[in-house]
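Heads up, the thing below is written out as structure tokens.
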Amino acid sequence: MPATAPLPARQEGLRKFQKVNDVLERYGWDATNLIAILQQIQAEYRYLPQDILTYVATALGRSPSEIFGVATFYAQFSLEPKGKYEVRLCDGTACHVRRSIPVLQAIREKLGLAPGEQTTKDMRFSVETVSCLGACGLAPVVVINETVYPQMTPEAAVKMLNEINAREDSAQ
């Protein structure tokens, strides 16, 4: 008798990876599309889970270390869960001298993030600083998902978070 998993366990595994299989199918199961594949998977899960990266490696006939290497090389990818709203605050030279750090402190305080925490417990927000967002004339700059918020102040940042929370709470 072959040493295979019982049918229900295999079906559960197939269901778990169905979204990944859909992405792989969309890109023709072609490893030359790895960046796009990982982008789509991260958009689905809001990060790149280790078991899914291993599955992608196997499905594409690549080594897990190659896939992990790509996932950890590019700053756009995360191996940790991210919130629904990704708050990126620029702390490049222009933003820093125009007081980006007080904005960051106000955001972290409003969200109740302890030192070292990046994502709120409710998975609504993730906060990170970046070296440059390429909008120095708008400094200090905050980007939430794809929306740019120029010339931020601590007060404006808190107001912006309150507005997002109000929209989210009314949608529930």
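At-a-glance table
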{"quantity": "Residues that are without any contact (Cβ under 8 Å) to a residue 24 or more places away in the chain, surrounded by 13 or more Cβ atoms within 10 Å (Cβ to Cβ) and over 17 Å from the mean Cα position of the chain (by Cα), drawn from segment 55-71", "calculated": "57, 64, 66"}
{"quantity": "Single match in 85, 74 (criterion: surrounded by 14 or more Cβ atoms within 10 Å (Cβ to Cβ), of a type in the set (Phe, Trp, Tyr), at negative phi and within 14 Å of the chain's Cα centre (by Cα))", "calculated": "85"}
{"quantity": "Test for residue 62: is it assigned by TED's automatic domain parsing to the domain that holds residue 32 and not polar (S, T, N, Q)", "calculated": "yes"}
{"quantity": "Residues satisfying the stated conditions in segment 51-69, i.e. within 27 Å of residue 125 (Cα to Cα) and touching a Phe, Trp or Tyr at 6+ places or on another chain (Cβ under 8 Å)", "calculated": "52, 53"}
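The values are calculated or read from the model by the stated rules, or taken from the named source; none is laboratory data. This one's a predicted model, so the numbers in the text were calculated from it and none came from an experiment. Glycine gets a Cβ as well: all are built from the backbone with ideal geometry, and neighbour counts include every protein chain shown.
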